[in-house]
1. Tell me which residues come under 5 Å, amide H to amide H, from I11 once H is placed; ignore anything under 5 positions away on its chain.
2. Which translational diffusion coefficient, to the nearest whole µm²/s, is obtained for the chain from the Stokes-Einstein equation, given a Kirkwood hydrodynamic radius over C-alpha pairs, 4 °C and 1.567 mPa s?
3. Relative to the present Cα-Cα distance, how much length would full extension add between A67 and E26 at 0.36 nm per residue of separation?
4. What are the DSSP H helices in the chain that stretch 15 Å or more along their long axis, judged by alpha-carbon atoms, and whose average Kyte-Doolittle hydropathy comes to at least -1.0?
5. I want the local charge near F24. Using Cβ-Cβ distances under 10 Å, sum +1 for each Lys or Arg and -1 for each Asp or Glu among the other residues.
6. Where does the charge balance sit around L9 when Lys and Arg score +1, Asp and Glu -1, over other residues with C-beta under 11 Å from its C-beta?
7. Counting helices only, and only those DSSP H runs with n ≥ 4, report the 222 nm mean residue ellipticity of the chain as the sum of -39,500 (n - 2.57) divided by its residues, in deg cm²/dmol to the nearest 500.
8. Identify all aspartates and glutamates with a Cα-Cα distance to K36 below 14 Å; exclude those on the same chain that are fewer than 8 residues away in sequence.
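Nothing in this text is a laboratory measurement; each read-out follows from the coordinates by a stated rule. Everything quoted here is computed from the prediction, not taken from an experiment. Neighbour counts run over all protein chains shown; Cβ positions are idealised from the backbone, glycine included.
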Amino acid sequence: MRKDLKRSLTIEGHRTSLSLEPEFWEALQKAAAKRKMTVAALVAEIDQARGERNLSSAARVWLLKDAATQ
C-alpha cells in the first residue's frame, strides 16, 4: 500500500502542507505543467475556491473535475 505524501508549499505568502496520495501528486504536477504554472500557483488557485473544504480534499475534487473535462 502506498502512503500519502505530505509536502509543504508556500501559497499567498504563507507555508502550508498538503497530504495527497502519490497518484494525486502526479496529476497535480501534470495539471500545473499543462497550464505552465508551478504546483504552488495551482494550489493557490484551488485554495482560493475551496470554501469550507480542507485543502487536500479540495485538491482531489479539483483534479477529479479537471479530469472530467478532458
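1. Hits under the 5 Å cutoff: T16.
2. Numbers: Rh = 12.3 Å.
Using the Kirkwood radius from Cα pairs, D works out to 106 µm²/s.
3. Details: separation 41, 0.36 × 41 = 14.76 nm, distance 1.28 nm.
Full-extension gain reported as 13.5 nm.
4. For the chain, where a helix must reach 15 Å along its axis and average at least -1.0, the hits are 22-34, 55-68.
5. Details: positive: R60; negative: D4, E21, E23, E26.
Combined, the nearby Lys, Arg, Asp and Glu give -3.
6. Once all neighbours under 11 Å are counted, the net charge is +1.
7. On the way: 3 runs with 37 residues, N = 70.
The helix contribution divided over the chain gives -16500 deg cm²/dmol.
8. E45
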